[in-house]
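*Asks:* Mind having a look at this structure? Questions to follow.
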Amino acid sequence: MEHHFNHKAESFDSPKNKFLADLICQDVEKQIENFSDKHILDFGGGTGLVALPLAKQAKAVTLVDISEKMLEQAHLKLKKQGIDNVQLLEQDLLVNPLNQAFDIIVVSRVLHHMPDVEATLSMFKQHLVDDGRLFIADFVKTDVNHHGFKIAELEKQLSQNGFSSTQTQVIYSADGLFLGNYAELFVTSARKS
């Protein structure tokens, strides 16, 4: 997976990916009243399409990714935009967790790449403060689109891993959205119980 995304880094900020990131940011922003005191973890944040807009409102953002090339692109954008409250980390949090808890974790179109979703959700819980918020943006699994999640199953997994107040909304759908097929993009929010 790491090399695959290293290869995609320079072209990742396509108009479609920027558009989807903007939709995800808007949905998160609607659900958080005030970001000014929030510490945010962007898990698998890549080039910072979600992290950078949120950083302009938040106290601090930690963007974690396993792709060195994606993080290089994020670093260039941080310098260009003059954003100084974002920490970039090349790290696998399942192997090497951080010794820090966050108010918000954002996971944008990454969870379907994780080989062990249960372990990943457990790791998210460990990285959240009490009552912290988790936002997962991903694709609805269908007969055609085998990547992603059945919403009811994801919500059940979240509940089994110590999350509550789970809400999911499909925020966008289109033909050709994912791997050339019709797809629906959802955002699920949950609280650490």
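The values are calculated or read from the model by the stated rules, or taken from the named source; none is laboratory data. Quick caveat: nothing in here was measured; it's all calculated off a predicted structure. All Cβ positions, even for glycine, are placed from backbone atoms using ideal geometry, and neighbour counts span all protein chains on display. Just so you know, the surface numbers come from the protein's heavy atoms only, side chains and all, with ligands and any DNA or RNA stripped out. Shrake-Rupley method; radii C 1.70, N 1.55, O 1.52, S 1.80 Å.
*Asks:* Could you work out [θ]222 nm for the chain from helices alone, using -39500 (n - 2.57) per DSSP H run of at least four and dividing by all its residues? Round to the nearest 500 deg cm²/dmol.
*Replies:* Taking each H run of at least 4 residues, the total per residue is -9500 deg cm²/dmol.
*Asks:* What pairs from Lys80/Lys125; Lys59/Lys80; Lys18/Lys69; Lys59/Lys79; Lys18/Lys56 go past 22 Å between their alpha carbons?
*Replies:* Correct reply: Lys80/Lys125.
*Asks:* Antiparallel versus total DSSP beta bridges in segment 97-193: what percent is that, nearest 5?
*Replies:* Roughly 70 percent of the DSSP beta bridges within segment 97-193 come out antiparallel.
*Asks:* Here is a further query. Per Stokes-Einstein, at 37 °C and 0.692 mPa s, what whole-number D in µm² s⁻¹ belongs to segment 29-173, with the Kirkwood radius over Cα pairs as the hydrodynamic radius?
*Replies:* D, rounded to a whole number, is 208 µm²/s.
*Asks:* In addition: For the chain, with all protein chains present and a 1.4 Å probe, just round the carbon and sulfur fraction of the accessible area to a whole percent.
*Replies:* Within the chain, the accessible surface is 47 percent carbon and sulfur.
*Asks:* Restricting to the chain, what percent of DSSP beta bridges are antiparallel, rounded to 5?
*Replies:* If I count the DSSP bridges inside the chain, around 45 percent turn out antiparallel.
*Asks:* Local charge sum around Asn181 (other residues, Cβ-Cβ under 13 Å, Lys/Arg +1, Asp/Glu -1)?
*Replies:* -2
*Asks:* Hey, can you find the accessible area per residue of the chain for me, probe 1.4 Å, expressed in square angstrom?
*Replies:* Normalised by residue count, the accessible surface of the chain is 50 Å².
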